[in-house]
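The structure appears below as structure tokens.
The values are calculated or read from the model by the stated rules, or taken from the named source; none is laboratory data. Just so it is clear, the model here is predicted, and its values are computed rather than measured. Every residue, glycine as well, gets a Cβ built from its backbone with ideal geometry; the counts of neighbours run over all protein chains shown. All accessible areas refer to the heavy atoms of the entire protein, side chains included, with ligands and DNA or RNA removed. Shrake-Rupley method; radii C 1.70, N 1.55, O 1.52, S 1.80 Å.
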Amino acid sequence: MNDEETSRFVRLRVELVVEVRDEDAVAKAALRRIAADPELPQAERGQAESAVTEDTAEALAYLVDPFDLVSEVPGVELQQASWSSERIDYDPDSPEWDMDGDDGHDDEEEDGIG
């Protein structure tokens with residue numbers, strides 16, 4: 001395959017499982033980020049604040065920015081990103097959670113993290 005046949009675009013899929021040890025700290029950090037966001041319309045600000053105080057997964061999704069993952073990588077520019085978070089039951093000893101294999105989720109259905 002020559003350079004003309006090779007796409008410059010790469011889909012990078014990242015799946016993380018994190019343990020939230022301090023829900024209050026996560027919510028407060030998300031509220032600080034909302035307060036500091038000059039581009040967030042006032043009409044959406046209250047809705048965002050409510051979402052992050054009621055649901056730690058929403059707060060975490062508000063804090064995690066895919067741009068941060070690639071912003072320091074030379075020669076790369078983020079073109080599109082989507083992500084989401086959800087509470088899960090996690091058992092690191094279960095074969096379902098083999099990070100190298102199938103974790104029981106349908107990747108085709110998720111289209112990245114959105």
So, for the range 1-55, what is the accessible surface per residue at a probe of 1.4 Å, expressed in square angstrom?
88
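What is the percent of Cα-Cα separations in the range 41-98 that go past 14 Å?
Values: 1145 of 1653 pairs.
The share of Cα pairs beyond 14 Å in the range 41-98 comes to 69 percent.
Roughly speaking, what is the stretch gain from SER50 to ASP37, that is 0.36 nm per residue apart minus the C-alpha to C-alpha distance, in nm to one decimal? Let's see the in-between values first.
Numbers: separation 13, 0.36 × 13 = 4.68 nm, distance 1.56 nm.
Once the chain is fully extended between SER50 and ASP37, it gains 3.1 nm.
Express in nm, to one decimal, how much length is gained between TRP97 and LYS28 on full extension, taking 0.36 nm for each residue of separation and deducting their alpha carbon distance. Provide the component values of the computation, followed by the final result.
Values: separation 69, 0.36 × 69 = 24.84 nm, distance 3.01 nm.
The TRP97-LYS28 span can extend by a further 21.8 nm.
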Measuring from label point to label point, each 7 Å out along Cα→Cβ, what is the VAL70 to ARG87 span in nm?
3.2
Using θ = phi - 60° and the Karplus curve 6.51 cos²θ - 1.76 cosθ + 1.60, what whole-Hz ³J(HN,Hα) does each residue of the range 28-44 get, with Gly and Pro shown as x?
5, 5, 5, 4, 5, 5, 4, 4, 8, 8, x, 8, 7, x, 4, 5, 8
